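The values are calculated or read from the model by the stated rules, or taken from the named source; none is laboratory data. Bear in mind that the values here come from a model prediction, so they are computed numbers and not experimental data. Here Cβ is always computed from backbone atoms with ideal geometry, including for glycine, and neighbour counts include all displayed protein chains.
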């Protein structure tokens, strides 16, 4: 039986990847950051919490990572843990550099010292491409130049080049997946797509009266997260270690996401959506479009869920969640947020 270690197993991608690997007969280990309130709701939501071997670890500490690797004796390591909120990277640039950049070096050096046969996957991002006039007229692939415009993107780019250097210098099986935006009902509420689907659900059920957003014209290449983790697995099980772009090849604006969502509940977005400059990025770019032809040709991977289907999946799931909340049913998701809502519902002040 193969063993896999997933850093960031409590996140959207980590949870979906864990389920995918379990379905493929793996023994799955996952690192998580120890906090006063453990955030395991996604694993519980997918029904796999009791099937995972959890390891408390600090990805910015080399000895902690080496211990996790020795404990798991993993054949494959998927490094997904990150500070993945662009806006937060401006507020905490040094922490972002350590978490998203130096952590990659910790993993690769630990692999080199412990067992060079261990395969390593690094979660790159389309944010590394950044902003360029030429990008507005082309699809970005593995050969496109990078031009990061945020501390988050520069930290990820450090991880990308470190992964490549260890592959070429030490012959490790280390690859980077350059994934364009991929969403799901397990996305955190700090991300715009989930923010939209969640608030539309609340508006539909009479729990909210407005949705506040920043740049409505910003466009992204949005796919469905469960399909993208399958691509990660394919990368580590290919014959030759290579970097791959995963994307749909289609672009849609935040405005389109909003319009599709409101269509599902039969309401006019003009009556509910408000513009708020505080949600705009320091530097934003209107269009990033990916070319996943290499992954489709060499890995047999391809996106299956359409943009409209993605919006429907997310909005309908958030409606179902809030309906359960209204009925007072017990459930586990986005725990801190819904705990706060529960306190407000009961008329109590939230202190913790």
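Observations on the model:
- Residues being surrounded by fewer than 22 Cβ atoms within 10 Å (Cβ to Cβ) and within 17 Å of residue 184 (Cβ to Cβ) - total across segment 41-60: 6
- Single residue of 146, 122 found to be buried (at least 20 other Cβ atoms within 10 Å of the Cβ), within 21 Å of the chain's Cα centre (by Cα) and over 30 Å from residue 262 (Cα atoms): 122
- Restricting segment 1-22 to residues that are closer than 21 Å to residue 73 by Cβ and without any contact (Cβ under 8 Å) to a residue 40 or more places away in the chain, the residue that is nearest to the chain's Cα centre (by Cα): 18
- Residues in segment 171-183 that are in contact (Cβ under 8 Å) with a residue 60 or more places away in the chain and within 23 Å of residue 106 (Cα to Cα) were compared, and the one that is nearest to the chain's Cα centre (by Cα) is 179.
- Taking strands (runs of 3 or more DSSP E) as the structural unit, those lying wholly within segment 141-251 and holding at least 3 residues that are modelled with pLDDT of 95 or more correspond to 174-179, 244-246.
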